[in-house]
(Lines give C-alpha, C1' and ligand atoms only; values in the text may rest on other atoms or scores of the structure.)
Protein backbone atom coordinates (compact mmCIF):
# COMPACT_ATOMS: atom_id res chain seq x y z
CA UNK A 1 0.00 0.00 0.00
CA UNK A 2 1.49 3.30 -1.08
CA UNK A 3 0.55 6.93 -1.42
CA UNK A 4 -0.78 8.23 -4.76
CA UNK A 5 2.45 10.14 -5.36
CA UNK A 6 4.53 7.06 -5.95
CA UNK A 7 4.30 3.89 -8.09
CA UNK A 8 3.96 0.55 -6.28
CA UNK A 9 7.12 -0.67 -4.58
CA UNK A 10 7.44 -3.96 -6.44
CA UNK A 11 10.55 -6.13 -6.02
CA UNK A 12 12.79 -5.38 -9.00
CA UNK A 13 14.41 -7.77 -11.42
CA UNK A 14 18.04 -7.83 -10.26
CA UNK A 15 20.10 -6.41 -13.14
CA UNK A 16 23.68 -5.47 -12.33
CA UNK A 17 23.37 -2.01 -13.88
CA UNK A 18 22.24 1.52 -13.08
CA UNK A 19 18.56 2.21 -13.86
CA UNK A 20 17.93 4.83 -16.50
CA UNK A 21 16.01 6.93 -13.97
CA UNK A 22 19.15 7.52 -11.96
CA UNK A 23 22.35 9.39 -12.50
CA UNK A 24 25.84 8.65 -11.31
CA UNK A 25 27.23 11.82 -9.76
CA UNK A 26 30.94 11.39 -10.39
CA UNK A 27 33.72 13.41 -8.79
CA UNK A 28 35.15 16.23 -10.91
CA UNK A 29 38.54 15.74 -12.52
CA UNK A 30 41.37 17.08 -10.41
CA UNK A 31 43.72 19.74 -11.72
CA UNK A 32 47.36 18.68 -12.22
CA UNK A 33 50.16 19.28 -9.74
CA UNK A 34 48.05 19.27 -6.62
CA UNK A 35 50.11 19.35 -3.41
CA UNK A 36 50.55 16.06 -1.63
CA UNK A 37 48.21 16.17 1.36
CA UNK A 38 49.29 12.83 2.78
CA UNK A 39 50.04 13.03 6.47
CA UNK A 40 53.77 12.61 7.21
CA UNK A 41 54.94 9.30 8.56
CA UNK A 42 55.45 9.17 12.32
CA UNK A 43 58.98 9.07 13.69
CA UNK A 44 60.71 5.72 13.46
CA UNK A 45 60.46 5.28 17.23
CA UNK A 46 56.68 5.13 16.84
CA UNK A 47 56.59 2.74 13.92
CA UNK A 48 56.89 -0.45 15.94
CA UNK A 49 53.74 -2.56 15.59
CA UNK A 50 51.24 -1.96 18.36
CA UNK A 51 49.90 -5.16 19.89
CA UNK A 52 46.13 -5.56 19.60
CA UNK A 53 44.11 -4.75 22.73
CA UNK A 54 42.87 -7.68 24.79
CA UNK A 55 39.40 -8.98 23.90
CA UNK A 56 36.47 -7.40 25.67
CA UNK A 57 35.07 -9.43 28.56
CA UNK A 58 31.72 -11.09 27.84
CA UNK A 59 28.65 -9.33 29.10
CA UNK A 60 26.91 -10.90 32.09
CA UNK A 61 24.17 -13.21 30.88
CA UNK A 62 21.70 -11.61 33.24
CA UNK A 63 21.89 -8.30 31.40
CA UNK A 64 20.52 -9.79 28.18
CA UNK A 65 21.94 -6.89 26.17
CA UNK A 66 24.24 -7.30 23.20
CA UNK A 67 27.19 -4.98 22.60
CA UNK A 68 26.96 -2.60 19.66
CA UNK A 69 28.07 -3.85 16.27
CA UNK A 70 30.58 -1.37 14.90
CA UNK A 71 31.25 -1.51 11.17
CA UNK A 72 34.96 -0.97 10.62
CA UNK A 73 35.87 -1.64 14.26
CA UNK A 74 38.84 -3.80 13.32
CA UNK A 75 40.36 -0.91 11.33
CA UNK A 76 40.18 1.86 13.90
CA UNK A 77 41.92 2.06 17.27
CA UNK A 78 39.81 5.13 18.06
CA UNK A 79 36.61 3.19 17.57
CA UNK A 80 37.94 0.34 19.68
CA UNK A 81 38.66 2.70 22.57
CA UNK A 82 35.24 4.33 22.28
CA UNK A 83 33.59 0.92 22.17
CA UNK A 84 35.37 -0.21 25.34
CA UNK A 85 34.28 2.92 27.21
CA UNK A 86 30.70 2.80 26.00
CA UNK A 87 29.67 -0.54 27.45
CA UNK A 88 26.55 -2.41 26.34
CA UNK A 89 23.88 -1.01 24.08
CA UNK A 90 21.21 0.61 26.26
CA UNK A 91 17.68 -0.64 26.01
CA UNK A 92 15.20 1.80 24.53
CA UNK A 93 13.24 2.23 27.77
CA UNK A 94 16.41 2.84 29.80
CA UNK A 95 17.73 5.36 27.29
CA UNK A 96 14.43 7.26 27.27
CA UNK A 97 14.43 7.47 31.07
CA UNK A 98 18.02 8.75 30.96
CA UNK A 99 16.99 11.44 28.48
CA UNK A 100 13.94 12.42 30.50
CA UNK A 101 16.05 12.87 33.60
CA UNK A 102 18.82 14.70 31.76
CA UNK A 103 16.57 17.08 29.80
CA UNK A 104 13.50 17.27 32.00
CA UNK A 105 13.05 20.95 31.13
CA UNK A 106 12.25 19.98 27.52
CA UNK A 107 9.19 17.94 28.42
CA UNK A 108 5.97 19.66 29.41
CA UNK A 109 5.11 19.17 33.07
CA UNK A 110 1.39 19.69 32.40
CA UNK A 111 1.22 16.38 30.51
CA UNK A 112 1.48 12.72 31.34
CA UNK A 113 3.71 10.68 29.07
CA UNK A 114 3.21 7.27 27.47
CA UNK A 115 6.18 5.49 25.93
CA UNK A 116 5.69 2.98 23.11
CA UNK A 117 9.06 1.49 22.16
CA UNK A 118 10.90 -1.49 20.71
CA UNK A 119 14.56 -2.40 21.17
CA UNK A 120 16.88 -2.07 18.17
CA UNK A 121 20.46 -3.25 17.73
CA UNK A 122 23.20 -0.70 17.05
CA UNK A 123 25.53 -0.51 14.09
CA UNK A 124 28.00 2.33 13.62
CA UNK A 125 28.37 3.28 9.98
CA UNK A 126 31.55 3.81 8.02
CA UNK A 127 31.16 6.05 5.00
CA UNK A 128 27.87 7.19 3.41
CA UNK A 129 25.81 4.14 4.43
CA UNK A 130 23.39 5.70 6.93
CA UNK A 131 20.28 4.59 5.05
CA UNK A 132 21.36 0.97 4.83
CA UNK A 133 22.45 1.01 8.48
CA UNK A 134 18.97 2.27 9.42
CA UNK A 135 17.40 -0.46 7.28
CA UNK A 136 19.64 -3.09 8.90
CA UNK A 137 18.51 -1.96 12.36
CA UNK A 138 14.86 -2.08 11.29
CA UNK A 139 15.45 -5.61 10.06
CA UNK A 140 15.86 -6.78 13.65
CA UNK A 141 12.13 -6.13 14.13
CA UNK A 142 10.96 -7.08 10.64
CA UNK A 143 13.02 -10.19 9.86
CA UNK A 144 15.01 -11.24 12.95
CA UNK A 145 15.81 -14.69 11.54
CA UNK A 146 17.16 -13.60 8.15
CA UNK A 147 20.60 -12.58 9.45
CA UNK A 148 21.07 -9.94 6.76
CA UNK A 149 24.48 -8.25 7.03
CA UNK A 150 25.23 -4.64 6.20
CA UNK A 151 27.71 -5.83 3.59
CA UNK A 152 24.92 -7.89 2.00
CA UNK A 153 22.61 -4.87 1.88
CA UNK A 154 25.34 -2.71 0.31
CA UNK A 155 26.10 -5.36 -2.31
CA UNK A 156 22.42 -5.76 -3.17
CA UNK A 157 21.90 -1.98 -3.43
CA UNK A 158 24.90 -1.63 -5.74
CA UNK A 159 23.88 -4.59 -7.91
CA UNK A 160 20.36 -3.20 -8.33
CA UNK A 161 21.74 0.19 -9.33
CA UNK A 162 20.33 2.00 -6.30
CA UNK A 163 23.73 2.99 -4.93
CA UNK A 164 27.38 3.39 -5.86
CA UNK A 165 28.93 2.76 -2.44
CA UNK A 166 26.10 2.37 0.07
CA UNK A 167 24.47 5.81 -0.15
CA UNK A 168 20.69 5.96 -0.73
CA UNK A 169 19.15 9.10 -2.22
CA UNK A 170 15.81 7.53 -3.17
CA UNK A 171 13.09 6.55 -0.69
CA UNK A 172 11.38 4.54 -3.43
CA UNK A 173 14.53 2.50 -4.04
CA UNK A 174 14.92 2.00 -0.30
CA UNK A 175 11.40 0.58 -0.20
CA UNK A 176 12.15 -1.87 -3.00
CA UNK A 177 15.35 -2.94 -1.29
CA UNK A 178 13.55 -3.42 2.04
CA UNK A 179 10.93 -5.64 0.44
CA UNK A 180 13.49 -7.76 -1.39
CA UNK A 181 16.09 -8.07 1.36
CA UNK A 182 13.82 -8.34 4.40
CA UNK A 183 10.67 -9.77 2.86
CA UNK A 184 8.66 -7.02 4.55
CA UNK A 185 5.87 -4.71 3.46
CA UNK A 186 7.04 -1.19 2.60
CA UNK A 187 4.61 1.70 2.34
CA UNK A 188 5.99 4.90 0.82
CA UNK A 189 4.27 8.09 1.91
CA UNK A 190 4.98 11.55 0.54
CA UNK A 191 3.81 14.99 1.48
CA UNK A 192 5.59 14.97 4.82
CA UNK A 193 4.83 13.78 8.34
CA UNK A 194 2.03 16.29 8.88
CA UNK A 195 -1.54 16.48 7.62
CA UNK A 196 -3.26 13.17 6.85
CA UNK A 197 0.01 11.26 7.19
CA UNK A 198 0.45 12.22 10.84
CA UNK A 199 -2.22 9.91 12.25
CA UNK A 200 -0.98 6.98 10.16
CA UNK A 201 2.62 7.46 11.31
CA UNK A 202 1.67 7.62 14.99
CA UNK A 203 -0.59 4.58 14.78
CA UNK A 204 2.19 2.71 12.98
CA UNK A 205 4.69 3.48 15.75
CA UNK A 206 2.24 2.73 18.56
CA UNK A 207 1.73 -0.69 16.96
CA UNK A 208 5.47 -1.34 17.24
CA UNK A 209 6.57 -1.13 13.61
CA UNK A 210 9.59 0.88 12.38
CA UNK A 211 9.67 4.09 10.36
CA UNK A 212 12.55 4.96 8.02
CA UNK A 213 12.96 8.68 7.41
CA UNK A 214 15.53 10.92 5.69
CA UNK A 215 16.33 14.27 7.29
CA UNK A 216 19.13 16.83 7.61
CA UNK A 217 21.55 15.92 10.42
CA UNK A 218 22.84 18.55 12.84
CA UNK A 219 26.17 18.31 14.72
CA UNK A 220 24.42 16.42 17.56
CA UNK A 221 22.64 14.07 15.07
CA UNK A 222 19.29 15.79 15.64
CA UNK A 223 17.17 17.06 12.74
CA UNK A 224 18.04 20.47 11.32
CA UNK A 225 17.40 22.42 8.12
CA UNK A 226 20.31 22.57 5.66
CA UNK A 227 18.39 22.18 2.36
CA UNK A 228 19.54 18.59 2.04
CA UNK A 229 23.26 19.33 2.34
CA UNK A 230 23.40 17.16 5.49
CA UNK A 231 20.97 14.50 4.26
CA UNK A 232 20.95 11.51 6.61
CA UNK A 233 18.70 8.55 7.50
CA UNK A 234 17.24 7.41 10.81
CA UNK A 235 14.97 4.63 12.00
CA UNK A 236 12.22 5.27 14.54
CA UNK A 237 10.81 2.33 16.46
CA UNK A 238 8.83 4.10 19.12
CA UNK A 239 7.09 7.28 20.18
CA UNK A 240 6.70 9.27 23.40
CA UNK A 241 3.23 10.81 23.64
CA UNK A 242 2.26 13.64 25.96
CA UNK A 243 -1.42 13.26 26.91
CA UNK A 244 -3.85 14.97 29.25
CA UNK A 245 -4.86 11.66 30.80
CA UNK A 246 -3.63 8.06 30.51
CA UNK A 247 -6.32 5.49 29.67
CA UNK A 248 -7.27 3.25 32.58
CA UNK A 249 -6.85 -0.01 30.68
CA UNK A 250 -3.45 -1.60 30.00
CA UNK A 251 -0.89 0.93 31.27
CA UNK A 252 1.44 1.01 34.27
CA UNK A 253 3.31 3.96 35.77
CA UNK A 254 7.09 3.85 35.84
CA UNK A 255 8.56 3.13 39.27
CA UNK A 256 11.40 5.64 38.86
CA UNK A 257 9.70 8.47 36.98
CA UNK A 258 6.21 9.45 38.11
CA UNK A 259 4.16 10.67 35.19
CA UNK A 260 5.75 8.23 32.71
CA UNK A 261 3.59 5.26 31.70
CA UNK A 262 4.28 2.08 29.75
CA UNK A 263 1.89 -0.30 28.00
CA UNK A 264 1.56 -3.53 29.99
CA UNK A 265 3.09 -6.44 28.02
CA UNK A 266 0.47 -8.90 26.84
CA UNK A 267 -2.43 -6.79 28.06
CA UNK A 268 -5.15 -5.21 25.96
CA UNK A 269 -4.38 -1.51 25.70
CA UNK A 270 -6.96 1.19 25.34
CA UNK A 271 -5.57 3.50 22.63
CA UNK A 272 -4.63 6.92 23.98
CA UNK A 273 -6.03 10.12 22.51
CA UNK A 274 -3.34 11.43 20.18
CA UNK A 275 -2.21 15.03 20.74
CA UNK A 276 -3.67 17.58 18.35
CA UNK A 277 -1.49 18.56 15.41
CA UNK A 278 -1.07 22.12 16.67
CA UNK A 279 0.05 20.90 20.09
CA UNK A 280 3.78 21.60 20.36
CA UNK A 281 6.18 19.60 22.47
CA UNK A 282 3.77 16.68 22.93
CA UNK A 283 5.16 14.06 20.52
CA UNK A 284 8.72 12.77 20.35
CA UNK A 285 10.03 10.13 17.98
CA UNK A 286 12.34 7.55 19.54
CA UNK A 287 15.05 7.33 16.89
CA UNK A 288 18.39 5.77 16.09
CA UNK A 289 20.90 6.51 13.35
CA UNK A 290 24.28 5.17 12.29
CA UNK A 291 26.59 7.54 14.17
CA UNK A 292 25.64 6.66 17.75
CA UNK A 293 24.46 3.57 19.58
CA UNK A 294 22.22 5.66 21.84
CA UNK A 295 18.58 6.42 21.19
CA UNK A 296 17.42 10.00 20.76
CA UNK A 297 14.08 11.72 21.35
CA UNK A 298 13.22 14.13 18.54
CA UNK A 299 10.34 16.57 18.57
CA UNK A 300 7.90 15.38 15.92
CA UNK A 301 7.50 18.79 14.30
CA UNK A 302 11.27 19.21 14.10
CA UNK A 303 11.59 15.94 12.19
CA UNK A 304 8.66 16.89 9.95
CA UNK A 305 10.20 20.23 9.03
CA UNK A 306 13.63 18.74 8.35
CA UNK A 307 12.21 16.04 6.09
CA UNK A 308 10.18 18.58 4.11
CA UNK A 309 13.15 20.75 3.07
CA UNK A 310 15.48 18.13 1.51
CA UNK A 311 15.96 19.76 -1.87
CA UNK A 312 19.63 20.06 -2.85
CA UNK A 313 22.61 17.78 -3.34
CA UNK A 314 25.46 18.81 -1.06
CA UNK A 315 28.24 20.75 -2.84
CA UNK A 316 30.72 19.08 -0.50
CA UNK A 317 29.57 15.64 -1.63
CA UNK A 318 29.73 16.74 -5.25
CA UNK A 319 33.42 17.55 -4.85
CA UNK A 320 34.55 14.90 -2.36
CA UNK A 321 36.05 12.56 -4.94
CA UNK A 322 33.31 9.93 -4.76
CA UNK A 323 30.53 8.82 -7.09
CA UNK A 324 26.88 8.80 -6.01
CA UNK A 325 23.66 7.45 -7.51
CA UNK A 326 21.04 10.21 -7.47
CA UNK A 327 17.56 9.80 -9.02
CA UNK A 328 16.32 11.95 -11.86
CA UNK A 329 15.06 15.13 -10.25
CA UNK A 330 17.80 15.05 -7.63
CA UNK A 331 17.45 15.05 -3.86
CA UNK A 332 14.10 16.84 -4.06
CA UNK A 333 12.57 14.02 -6.13
CA UNK A 334 14.25 11.23 -4.18
CA UNK A 335 13.93 12.31 -0.53
CA UNK A 336 11.91 15.49 0.06
CA UNK A 337 8.79 14.90 2.14
CA UNK A 338 9.05 11.12 1.77
CA UNK A 339 9.46 8.27 4.25
CA UNK A 340 8.74 4.55 4.65
CA UNK A 341 6.41 2.67 6.96
CA UNK A 342 7.79 -0.87 7.30
CA UNK A 343 5.99 -3.87 8.76
CA UNK A 344 6.20 -7.65 8.51
CA UNK A 345 4.64 -9.07 5.36
CA UNK A 346 1.98 -10.97 7.28
CA UNK A 347 0.82 -7.77 9.02
CA UNK A 348 -1.84 -5.92 7.07
CA UNK A 349 -2.10 -2.93 9.42
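The values are calculated or read from the model by the stated rules, or taken from the named source; none is laboratory data. Just so you know, these numbers come straight off a predicted model, no measurement behind them. Don't worry about glycine lacking a Cβ; one is built from the backbone with ideal geometry, like all the others, and counts go over all protein chains shown.
The table below lists the values:
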read-out: Hits in region 191-216 - residues which are more than 24 Å from residue 115 (Cβ to Cβ) and buried (at least 18 other Cβ atoms within 10 Å of the Cβ); value: 192, 214, 216
read-out: Filter result for residue 251 (buried (at least 16 other Cβ atoms within 10 Å of the Cβ) and either in contact with a helix residue (DSSP H, G or I) (Cβ under 9 Å, 6 or more places away or on another chain) or closer than 19 Å to residue 106 by Cα (or both)); value: no
read-out: Residue check for residue 226: over 22 Å from residue 140 (Cα atoms), modelled with pLDDT of 95 or more, out of contact with any helix residue (DSSP H, G or I) (no Cβ under 6 Å at 6 or more places or on another chain) and part of a helix (DSSP H, G or I); value: no
read-out: Subset tally (residues that are in a loop (DSSP other than H, G, I, E, B), under 15 Å from residue 243 (Cα atoms) and in contact with a strand residue (DSSP E or B) (Cβ under 6 Å, 6 or more places away or on another chain)) for region 280-300; value: 1
read-out: Criterion: touching a residue at least 60 places away in the same chain (Cβ under 8 Å) and in contact with a helix residue (DSSP H, G or I) (Cβ under 6 Å, 6 or more places away or on another chain) - qualifying residue of 308, 341; value: 341
read-out: Verdict on residue 202 being modelled with pLDDT of 95 or more, closer than 28 Å to residue 92 by Cβ and assigned to a helix (DSSP H, G or I); value: yes
read-out: Matching residues, region 115-136, being under 28 Å from residue 100 (Cβ atoms) and surrounded by fewer than 24 Cβ atoms within 10 Å (Cβ to Cβ); value: 115, 116, 117, 118, 119, 121, 122, 123, 124, 125, 130
read-out: Subset of region 318-335 (residues that are assigned to a helix (DSSP H, G or I) and buried (at least 21 other Cβ atoms within 10 Å of the Cβ)); value: 331, 334
read-out: Qualifying helices (runs of 4 or more DSSP H) (wholly inside region 74-165; at least 2 residues being touching a strand residue (DSSP E or B) at 6+ places or on another chain (Cβ under 8 Å) and at pLDDT below 90); value: 77-86, 92-102
